[in-house]
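The values are calculated or read from the model by the stated rules, or taken from the named source; none is laboratory data. Only a predicted model underlies this, so the values are computations on that prediction, with no experimental measurement involved. Cβ placement follows ideal geometry from the backbone for every residue including glycine, while neighbour counts extend to all protein chains displayed.
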Amino acid sequence: MKILLVEDSRTVTQLMTARLSSYGHEVVHAENGKVAIEKFEATSPDLVLMDIEMPVMNGFQSTNEIRELETQKQWAWTPIIFLTSSDTVNNLVTAIESGGDDFMSKYTPEPVLNAKMKAMGRIASLRHKLSIANEKLQSLADHDGLTGLLNRRSLDLKVSQFWLDAIANVNAFSVLMIDIDYFKKYNDQYGHQAGDHCLQNVAKALESAVSNGNSSGITKCAFVARYGGEEFAVVIPGAPKEAVIQLSQSIIDVVRNLLIPNEASVEGAKVTISIGGAHVERALGDVENVFRLADSHLYQAKKDGRNRMVVT
């Protein structure tokens with residue numbers, strides 16, 4: 001485990017560090033409660049051993065602030081054990097009320113200390129497994145199950161954030177709406193399993209094109225999402241119009257070059273896409289207006305024969 005030892009006494013610090021290190025734990029030291037908060041945020045320990053009486057900030061105050069920090073940052077709970085020379089009932093009650101989980105003597109016998117660290121190690125292992133499980137659940141909630149792209153919910157959240165940033169910083173903002181041409185006919189002819197594979201391959205191609213667009217003026221904030229069905233959206237904050245047009249053509253080319261057969265298409269019997277794009281030099285008003293304009297341009301691109309883009 002990584003243990004944050006908060007103790008102002010050099011003698012106690014040396015003793016506890018030696019004992020804990022002998023069990024194989026990594027010890028990070030803080031000399032008072034204020035430094036403890038800084039090191040807690042910087043090192044993400046598995047356990048905090050907190051002295052009570054210290055200069056600058058005592059252990060109770062420091063623990064309160066650590067718990068507030070965990071809440072604000074939405075971090076997982078970290079066990080905090082108070083170290084004390086006086087295990088009074090009053091200290092125990094105050095320790096629990098301030099957010100602590102246990103307390104023990106600074107000079108607790110070796111077998112007791114070792115046993116407590118083994119118990120804390122089990123908790124640290126469980127916290128790690130829970131963290132991994134939560135990350136997987138969050139990923140499932142944020143991403144489309146078929147393509148792995150951001151889903152519509154995540155798209156809406158990120159768009160709102162980037163649009164507000166663009167307004168605040170007087171930045172440009174662009175949206176590309178993308179539709180796979182003749183996809184219903186593709187499904188009818190090749191089957192839904194082939195349709196799923198087609199969507200997956202197109203999604204990968206879109207991500208690759210957007211990622212490669214960084215070298216031509218597309219910011220790293222740009223992202224792709226599955227909008228619904230065979231439709232995708234690319235959101236591009238802060239890029240010049242010329243870069244957006246260049247990216248749109250790259251996307252059309254990279255999907256066409258996948259050479260996915262589609263006998264239902266009049267465009268060389270291959271899967272192609274149509275793009276409608278909207279670019280504003282200065283973000284103002286409602287972002288829905290940008291999406292509506294991009295959608296109308298997508299309709300125009302399809303009306304004009306598909307396998308093309310209309311971006312203004």
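Run Ser211 past the list (1) among the small types (Gly, Ala, Ser); (2) assigned to a helix (DSSP H, G or I); (3) more than 30 Å from Asp165 (Cα to Cα) and report the number of the one that doesn't hold.
So the condition that Ser211 fails would be (3).
Going through segment 221-237 one residue at a time, which ones are modelled with pLDDT under 95 and in a loop (DSSP other than H, G, I, E, B)?
Cys221, Gly229
So that you can scan it fast, the table gives a plain yes or no per residue for (1) outside any strand (DSSP E or B); (2) under 16 Å from the mean Cα position of the chain (by Cα); (3) more than 30 Å from Gly305 (Cβ to Cβ):
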{"site": "Glu135", "(1), (2), (3)": "yes, yes, yes"}
{"site": "Leu155", "(1), (2), (3)": "yes, yes, no"}
{"site": "Lys158", "(1), (2), (3)": "yes, yes, yes"}
{"site": "Ala166", "(1), (2), (3)": "yes, no, yes"}
{"site": "Asn171", "(1), (2), (3)": "yes, no, yes"}
{"site": "Ser174", "(1), (2), (3)": "no, no, no"}
{"site": "Met177", "(1), (2), (3)": "no, no, no"}
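Scan segment 86-133 residue by residue and report those that are in a helix (DSSP H, G or I) and closer than 18 Å to Gln61 by Cα.
Asn90, Asn91, Leu92, Val93, Thr94, Ala95, Ile96, Glu97
Before we move on, is Gly305 over 32 Å from the mean Cα position of the chain (by Cα), surrounded by fewer than 18 Cβ atoms within 10 Å (Cβ to Cβ) and of a type outside the set (Val, Ile, Thr)?
In short, yes.
For segment 98-117, which residues satisfy the criterion of being exposed (fewer than 12 other Cβ atoms within 10 Å of the Cβ) and over 14 Å from Leu83 (Cα atoms)?
Of everything in segment 98-117, those that are exposed (fewer than 12 other Cβ atoms within 10 Å of the Cβ) and over 14 Å from Leu83 (Cα atoms) turn out to be Glu110, Pro111.
Only one of (1) farther than 21 Å from Tyr107 by Cα; (2) part of a helix (DSSP H, G or I) is not met by Trp75, so which one is it?
Result: Trp75 passes all but (2).
Looking for something closer than 15 Å to Arg226 by Cα and either of a type outside the set (Gly, Ala, Ser) or surrounded by 12 or more Cβ atoms within 10 Å (Cβ to Cβ) (or both) - is there at least one such residue anywhere in segment 123-142?
Yes, that holds for at least one residue.
Restricting to segment 253-302, what's the tally of residues that are hydrophobic (A, V, I, L, M, F, W, C), out of contact with any His (no Cβ under 9 Å at 6 or more places or on another chain) and part of a loop (DSSP other than H, G, I, E, B)?
8
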